[in-house]
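Remarks on the structure that follows.
Computed from the coordinates by the stated procedures, all read-outs in this text should not be read as laboratory data. Predicted model only: the values in this text are computed from it and were never measured. When we count neighbours, we look across all protein chains shown, and the Cβ atoms used for this are built from the backbone with ideal geometry, even at glycine.
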Amino acid sequence: MHYNLKKSINMYEDAKKYVFEATKFSNAILERGNGCYVWDIDGNKYLDLNSGQFCLSFGHNDEGLQDVISKQLKKIYHTNTATLTPQVLKACKDMAEITGGSLNKTIFLSTGSEANECAIRYARFITQKTGVLSFSQGYHGLTLGSQQSTMGGAWARPQSTTNYSIDCFSTTKELEQFFEKVIKESNDNIAAVIVEPILAVGGILIPKKQFFIKLRELCDKYAILLIFDECQTGFGRTGKWFCYQHFGIEPDILTCAKAMGLGLAVSSVTFKTEIAQKIEGKIVHFSSHQNDPLSCAITSYVINRIKNDNLLKNIKTMGSYLYSQLLNLSKEVEFISGVRGTGMLYGFDIPQEISKDFLSELQKNGVLLQAIRQGRTCRLSPCYNIRKEDIDFLTNQIRETSKIISCNKKY
Ligand SMILES: Cc1ncc(COP(=O)(O)O)c(C=O)c1O
C-alpha cells in the first residue's frame with residue numbers, strides 16, 4: 001500500500017507554532033470522511049475504528065444528520081435556557097421510550113463530563129451528602145468535578161474521605177463488606193455511586209451482571225443514588241439501547257453522551273420520575289447549552305434511525321462477526337491476547353513495548369485504531385453500520401501488520 005504524508009507534515013510544520021498541543025497529534029491531517037472511512041490531505045484512505053472519538057454511530061458525513069442540522073438551523077437552533085421548543089419535548093419523550101421503566105425525565109447538555117457533573121451535583125443536593133463511590137479503573141470525564149470520580153489511568157484522582165474506589169471485579173461478598181466499611185468510615189455520608197457498566201477507558205473491563213444486581217441492592221439498603229454513566233455504552237453500543245438493560249435493574253440516574261450526538265456535543269441526564277420530582281424547579285445545574293433545540297433534534301434523529309434501520313440487530317450480528325475474527329487473530333498472532341467486548345465495543349491486549357510501532361504500522365496499512373492502558377489495550381468502537389467487508393479488511397490489515405511487527409520482534 002502506497003503511503004505518503006508529505007503534505008500533512010508540511011502543513012503541520014507551517015502552523016505548528018500556533019497550535020496548542022494538549023495531546024500528541026497523529027501525523028495524518030484528515031480532510032474528509034464517508035461512512036467508516038476517512039481520507040487525509042495526502043489522499044491516504046483509512047478505516048476509522050474509533051468512529052471519531054467514539055461518537056460517530058452512523059459513520060462520517062451521515063447525510064441524514066446533514067439534513068436534520070440544515071433544517072433545524074433554518075428554524076431555530078438555540079434558545080434561552082428557560083424556553084421550550086417542540087424538539088426538546090419530542091426528544092424527552094423519545095428518551096423515555098428507549099429507557100422504558102421509571103427513568104423518564106431528561107435534560108440535554110453538551111459533554112459527557114458535564115452530564116456526570118450534573119448527575120453528581122443533583123445526587124448531592126437530594127441526599128444532602130457529599131461522598132461518591134466509583135470504580136478504581138473508571139473514567140467519568142476531566143472537568144474538575146467529574147474528575148473527582150475518575151479513578152483510573154493517567155488522570156486518576158486519589159481515594160479520599162469523599163471519594164472511594166470500588167474494584168469492579170469484587171465478589172458480591174466483598175462488595176457488601178466494602179459498603180459496610182465505607183458507610184462507617186464516612187459517617188454515612190455517601191450520596192452516590194457512579195459506574196460504567198463496561199469500563200471503556202479502563203481497558204474494556206466487563207464486570208459481572210451479579211455485581212450490578214448486588215450494587216443496586218446495596219444502594220437501596222443504604223439510600224445511596226445509583227448513577228450509570230453510559231457515555232460510551234449508551235445508544236446501542238452494546239446491542240441494547242443502554243447497557244443496564246442487560247442486567248434487569250435500573251439506575252436512579254442515567255448519563256449519556258458520544259453516540260447520541262453523532263460527533264456534535266450532545267449529552268443527557270435522565271432521572272427516575274420520583275427522583276426528578278424532588279429537585280425540579282430548583283436551579284442546581286444551569287448551562288448556556290441546556291436543551292438546545294439542535295441537540296434535541298439530533299437525538300430524536302439518532303433514535304429514529306437506529307429503530308428504522310434495525311441497527312441494534314446489525315450491532316449484534318456484525319459485532320459477533322467482529323468478535324469471532326478477533327478471536328481467530330488472537331490464535332494466529334502470538335502477541336494478541338485477551339479479546340473481549342460485546343456489541344460494537346471490543347478490546348484486545350498487546351505488549352506495551354510494541355504498541356506504538358503496531359499502531360503506526362497499522363495506520364500505514366490503512367486502519368486507525370487507539371490504544372488505552374498506556375498502550376496495552378487496543379480499543380475498537382466502530383460505527384454501527386460497519387459491513388462484513390470492512391471487518392474483513394480490518395482483520396487482513398492486522399494480520400499483515402503483525403507479520404512486520406513479528407519480524408522486528410522486540411517483545
Ligand atoms: C464513560 C465516560 N464518561 C464520561 C466521559 C467524558 O465525556 P466527554 O469527553 O464528552 O466530557 C467519557 C469520555 O470518554 C467516558 O468514556
Practice problem: May I ask you to list the aspartates and glutamates whose Cα is less than 16 Å away from that of residue 7, ignoring any residue fewer than eight positions away on the same chain? | Solution: 31, 40, 42
Quiz item: What is the extension gain from residue 4 to residue 331, computed as 0.36 nm multiplied by their sequence separation minus the C-alpha to C-alpha distance, in nm to one decimal?
Solution: 114.5 nm
Quiz prompt | Förster radius 35 Å - calculated FRET efficiency between residue 287 and residue 308, Cβ distance, rounded to 0.05 | solution = 0.65
Quiz prompt | Rounded to 10°, Cα long-axis angle of helix 63-75 versus longest principal axis of the chain | solution = 50
Exercise. For region 63-308, list log₁₀ I(q)/I(0) at each q in 0.10 Å⁻¹, using the Debye formula over Cα point scatterers of equal strength and ignoring solvent, two decimals each.
Key: -0.45
Quiz item: Of 74/313; 209/272; 173/272, which ones are farther than 25 Å apart at the Cα?
Solution: 74/313; 173/272
Exercise. Can you grab the distance from the C-alpha centre of region 35-95 to the C-alpha centre of region 99-151, Å, no decimals?
Key: 24
Practice problem: Please return the longest stretch of the chain lacking exposed loop sites, where GluC sites (Glu not before Pro) count only if DSSP places them in a loop and at most 13 other Cβ atoms lie within 10 Å. | Solution: 22-279
Quiz item: Over 23 Å between Cα atoms, which of 93/240; 258/403; 364/409 qualify?
Solution: 258/403
Quiz item: Could you give P(r) for the chain, binned at 10 Å from zero, as whole percent values over all Cα-Cα pairs?
Solution: 5, 22, 30, 26, 14, 4, 0
Quiz item: Could you give the dipole magnitude of region 63-308 about its Cα centre, charging the beta-carbon of Lys and Arg +1 and that of Asp and Glu -1, in debye to the nearest 20?
Solution: 360
Quiz item: How big, on average over all directions, is the shadow cast by the Cα convex hull of region 281-338, in nm²?
Solution: 7.9
Quiz item: In degrees, nearest 10, range 0 to 90: what is the angle between the Cα axis of helix 6-15 and the longest Cα principal axis of the chain?
Solution: 50
